[in-house]
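Visitor: This is the structure, below, for whatever I ask next.
The values are calculated or read from the model by the stated rules, or taken from the named source; none is laboratory data. All figures in this text were calculated on a predicted structure; none of them were measured in a lab. Reconstructed Cβ throughout: ideal geometry from the backbone, glycine too, with neighbour counts over all protein chains shown. The protein model used for the area step is the full one, side chains on, heavy atoms only, and it has no ligands, DNA or RNA in it. Shrake-Rupley method; radii C 1.70, N 1.55, O 1.52, S 1.80 Å.
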Amino acid sequence: MNKDHPLAWHAALISVSQHHRFWLQDRGSLTRRIQNCCAKFCVKRVFQSLSRIYEDEQRVMGLRASELALVREVYLYCGDTPVVFAHSVVAHKDLRGAWRGLSGLGNKSLGTVLFTNPKIKRTPLEFKKISRGHFLYDRACARLSVKPHNLWARRSLFTLHGQSILVTEVFLPAILDLTL
Ligand SMILES: C=C(O[C@@H]1C=C(C(=O)O)C=C[C@H]1O)C(=O)O
């Protein structure tokens, strides 16, 4: 896809604040990073279903439009404030394989699975600034009383035994209030 296409994701972070860059570019566990600067961290799962996925996700995961995938959506909270909205996708055919535990995670962080198995490999991060009308923006802002003009998002694939989970994280405005 042409990098100027409105659906395109970008390998490089451009015109982003240093503060956003601090959060967007780190390849370690986001859960652990937030826990390091927030005493009351928690995960709240808000959606989980077998669904069709969006065209640009199909392309990244190599799925046909008709293929179903398990979609998991959570908010990462610091105290009573949501700081990240995460949207993760696994092909239905892979739920009995490497990612069989995903559907039972509940409010446990996916990061505790992804960053404890050295066999799991992660692709380079891609970035995108999203705004009203993008499906991720609309879902991420559902719990925000004040909706920002745009939000930074990142995504990457975590692969185990040739089977992948696409993890997309949308950074909410309050992430910048966390003191490191
Ligand atoms: C990948 C991580 O897991 C976090 C938790 C998620 C979940 O529980 O669904 C999804 C993405 C991340 O925000 C991480 O902590 O880095």
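Visitor: How large, in percent, is the carbon and sulfur part of the accessible surface of the range 18-177 at a probe radius of 1.4 Å? Spell out each step's value before the answer.
Guide: Working: 3850 of 7710 Å².
The C+S portion of the solvent-accessible surface of the range 18-177 is 50 percent.
Visitor: Name every cysteine in the chain that ends up alone, with no second cysteine's Cβ under 4.7 Å, or say none.
Guide: Lacking a cysteine Cβ partner under 4.7 Å: 37, 42, 141.
Visitor: For the chain, what is the calculated [θ] at 222 nm in deg cm²/dmol (nearest 500), taking -39500 (n - 2.57) for each run of four or more DSSP H residues and dividing by its residue count?
Guide: -4000 deg cm²/dmol
Visitor: In whole Hz, with x marking every Gly and Pro, tabulate ³J(HN,Hα) for the range 91-99 from phi via Karplus 6.51 cos²θ - 1.76 cosθ + 1.60, θ = phi - 60°.
Guide: 4, 3, 5, 9, 6, 9, x, 4, 9
Visitor: Before I look further, what does the chain give for accessible area per residue, probe 1.4 Å, in whole square angstrom?
Guide: I get 51 Å² per residue for this part.
Visitor: Taking H as built 1.01 Å from N, whose amide H comes closer than 5 Å to the amide H of residue 68, not counting residues under 5 places away?
Guide: Amide H neighbours of residue 68, under 5 Å, 5+ apart: 92.
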